[in-house]
Amino acid sequence: MIDALSYTCMGVGIIFWFWGTLPLLGPRSVLFKLHSLSVADTLGSMLIVIGLLLKIPREWPLLILAILSLSIWNTVLGYVLAYCSNTEEH
């Protein structure tokens, strides 16, 4: 049962990765594309790590640290890239 849940989390995480990539092909603004990519990438990566946490629970301290790092790093990176892509004078 745990294996099925683990693989499901990892599979949904990979789907989120591809789902976040699709808006890159659309005609929207760069900031919209960046936002959708970073949110989907963060959620997908977190689901993959949760799937690994279910698969190898003895490594929970490192995997929890990975989840926290993903949430903070991807959020900050999104803000930095959005600020840098601003066309106005700083």
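One residue stands out among those in the stretch 7-35 that are under 20 Å from Val49 (Cα atoms) and among the small types (Gly, Ala, Ser): the one that is surrounded by the fewest Cβ atoms within 10 Å (Cβ to Cβ), which is Gly11. Regarding the stretch 33-44, can at least one residue be identified that is modelled with pLDDT of 90 or more and touching a Cys at 6+ places or on another chain (Cβ under 6 Å)? Among the residues of the stretch 33-44, not one is modelled with pLDDT of 90 or more and touching a Cys at 6+ places or on another chain (Cβ under 6 Å), which makes the answer no. Looking at the chain, the helices (runs of 4 or more DSSP H) lying wholly inside it that each contain 2 or more residues that are touching a Pro at 6+ places or on another chain (Cβ under 6 Å) sit at 30-55.
Scan the stretch 39-66 residue by residue and report those that are surrounded by fewer than 14 Cβ atoms within 10 Å (Cβ to Cβ) and under 19 Å from Leu5 (Cβ atoms). If the condition is that a residue be surrounded by fewer than 14 Cβ atoms within 10 Å (Cβ to Cβ) and under 19 Å from Leu5 (Cβ atoms), then Ile56, Pro57, Arg58, Glu59, Trp60, Ile64 are the ones that fit.
The values are calculated or read from the model by the stated rules, or taken from the named source; none is laboratory data. Not measured: the values here are computed from a predicted model. We place every Cβ from the backbone using ideal geometry, glycine too, and count neighbours over all the protein chains shown.
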